[in-house]
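The values are calculated or read from the model by the stated rules, or taken from the named source; none is laboratory data. Quick caveat: nothing in here was measured; it's all calculated off a predicted structure. Cβ: placed from backbone, ideal geometry, glycine included. Neighbour counts: every protein chain shown.
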Amino acid sequence: MRHPTRPSGGPGYLDGVRAAAPIGVAAFAFGVSFGVLARSAGMGRLAPVVMSLTTFAGSAQFAAASILAAGGGVAAAVAAAVLLNLRYGPMGLSAASTLEGPWWRRALTAQLVVDESWAIAQRDDGRIDRHLLVGAGLLLAVGWVGGTAVGVLAGDLVADPASLGLDAAFPALFLALLVGQIKGRSRLLAAVGGALIALALMPVAGPGVPIIAASLACLVGARCS
């Protein structure tokens, strides 16, 4: 999903908000689901909301809460979350040149770099548009944190998102974002290779490992580019 630079100065924050609006609905719904899961795992009501504010990473938070709910230890939950979030390292580096202001402002803006906002902010020249990143990231953060709060406070009154078919929303979303990024043989090889690696490891590897191993497929794409 790429946005060319406009002659008038480029997209604004509201463009990022509008682009992320459909995704924000799914983020809210899964925030509710995470809040319900975290509360049932014994995390209480405040900790899940604080975690969503400070971590803001759905897959990592779900992994941590699922491990705690299954009786796993805190160390295992943290390790799984860290493994899942390692992908944000290269994503953050690619966006670093667009961040402006003092260190604290750059740190806050970097918190908004998630899969969806990063994909939305891609420009035709390969750089990241800061306005699209911030606009999309803020909307997603509000949806995710707000959904978490609803889940922990009124989870008993909310239907299970999976029963509504919302468990398929994020996989479909990531596929849609991926389609916009696959341009050229090297990117196609990286995407297919990563998918095959993850599928092969999911039955035998622990949480997070298939994702990290799948990222090795990017080396194939880089070599073929």
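In the stretch 68-78 there is no residue matching the filter, namely being out of contact with any helix residue (DSSP H, G or I) (no Cβ under 7 Å at 6 or more places or on another chain), in a helix (DSSP H, G or I) and not aliphatic (A, V, I, L, M). Taken together, Ala70, Ala60 contain a single residue that is within 15 Å of the chain's Cα centre (by Cα) and in the same structural domain as Ala154 (by TED's automatic domain parsing), which is Ala60. One residue stands out among those in the stretch 163-187 that are more than 19 Å from the chain's Cα centre (by Cα) and exposed (fewer than 14 other Cβ atoms within 10 Å of the Cβ): the one that is modelled with the lowest pLDDT, which is Leu164. Could you go through the stretch 4-11 and let me know if any residue there is surrounded by 14 or more Cβ atoms within 10 Å (Cβ to Cβ) and either part of a loop (DSSP other than H, G, I, E, B) or free of Cβ contacts under 8 Å to residues at least 40 places away in the same chain (or both). Yes; the residues of the stretch 4-11 include at least one that is surrounded by 14 or more Cβ atoms within 10 Å (Cβ to Cβ) and either part of a loop (DSSP other than H, G, I, E, B) or free of Cβ contacts under 8 Å to residues at least 40 places away in the same chain (or both). Number of residues in the stretch 41-66 that are in a helix (DSSP H, G or I) and within 26 Å of Ile23 (Cβ to Cβ) equals 17.
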